[in-house]
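Read the structure below first, then the notes.
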Amino acid sequence: IPETDEVILYDKGGTLPVAFFEQLKNQHWRSWAIHREVQPDMASYTYGMNHSLPMAQAPVVIVWRSDYVYPRGLYERYMHHIGSHDIVLPYSVYIGGSHVRADFVRANWAKLENYDDAFWRANAAECYSIYESQDPVHFAIRKKVWLQLGGLDHRLWGYGWQFGEFAARLQSELPRQRVKYFDYAPPVHQNHASSLMVRTAGWNEKKSAEDRVGRARFTEFLGGPEAFACYEYRWNQKLRPLSPDERR
């Protein structure tokens with residue numbers, strides 16, 4: 001990240017060591033936002049993103065997640081496309097297998113710096129399309145557009161539905177040519193104890209319960225089961241995979 005860029009380090013739960021922030025000592029502008037989780041919704045991405053993105057002084061904000069590792073050149077790809085768009089997103093990501101933890105990534109760092117697509121594909125539980133799933137967890141966005149859209153709807157802070165609802169507003173409130181999904185080496189999700197891809201029974205049951213609660217909250221948000229079924233049908237009818245030319 002260039003030293004002239006602003007950096008906001010959002011520390012959910014206050015668990016990062018000070019040494020981590022000190023690595024950014026040469027940044028011209030930096031801030032460290034920490035919160036303690038005193039209620040369940042404070043553990044959600046919705047809470048974190050709605051609090052940290054408006055803090056930015058810069059006109060463009062790029063979201064980087066600490067549970068992913070990123071191929072060299074992704075920053076430049078974001079900056080290339082954001083010049084003529086309001087929001088820019090990679091088309092897909094790799095969800096690492098249960099063994100793709102920090103130690104595995106550290107041991108195979110060269111395959112990330114000099115991106116070895118075949119290696120990461122072989123070590124992924126799946127290739128997950130951000131576009132086709134409408135799960136915009138990575139993006140660069142103009143801050144004024146984030147504020148215009150109102151960020152993520154906090155009423156849907158639970159398991160995942162807030163991103164689909166946000167994607168629906170993107171599609172309805174921004175001209176199609178202002179939203180850009182691009183093809184590039186996919187970011188790689190590192191697995192950890194709370195990941196759905198770690199198939200231990202206890203965690204899987206917990207995540208399944210979160211999913212059921214989130215789905216129920218979204219159904220109520222839409223106005224009932226019939227409205228939810230209509231949403232799913234219309235969303236599936238609307239989406240189609242982008243062609244290679246569109247993704248470039």
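The values are calculated or read from the model by the stated rules, or taken from the named source; none is laboratory data. Everything quoted here is computed from the prediction, not taken from an experiment. So basically every Cβ, Gly included, is an ideal-geometry build from the backbone, and we count neighbours across all protein chains shown. Accessible surface areas use protein heavy atoms only, side chains included; no ligands, DNA or RNA. Shrake-Rupley method; radii C 1.70, N 1.55, O 1.52, S 1.80 Å.
Data for the structure
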{"quantity": "Single condition Tyr78 does not satisfy, out of (1) under 28 Å from Leu16 (Cα atoms); (2) part of a strand (DSSP E or B); (3) at pLDDT 95 or above", "calculated": "(2)"}
{"quantity": "Qualifying residues in the range 64-77 (those that are among the hydrophobic types (A, V, I, L, M, F, W, C) and buried (at least 18 other Cβ atoms within 10 Å of the Cβ)) - the one farthest from Lys12 (Cα to Cα)", "calculated": "Leu74"}
{"quantity": "Residue check, Ala107 open to solvent by 20 Å² or more (accessible area, probe 1.4 Å) and in contact with a Lys or Arg (Cβ under 8 Å, 6 or more places away or on another chain)", "calculated": "no"}
{"quantity": "Count of residues meeting criterion [open to solvent by 20 Å² or more (accessible area, probe 1.4 Å) and either at pLDDT below 90 or on the phi > 0 side of the Ramachandran plot (or both)] in the range 42-56", "calculated": "2"}
{"quantity": "Residues located in the range 85-103, provided they are open to solvent by 10 Å² or more (accessible area, probe 1.4 Å) and either of a type in the set (A, V, I, L, M) or free of Cβ contacts under 8 Å to residues at least 60 places away in the same chain (or both)", "calculated": "Ile95, Ala102, Asp103"}
{"quantity": "Residue match in the range 84-91 (condition: outside any loop (DSSP other than H, G, I, E, B) and more than 14 Å from Val179 (Cα to Cα))", "calculated": "no"}
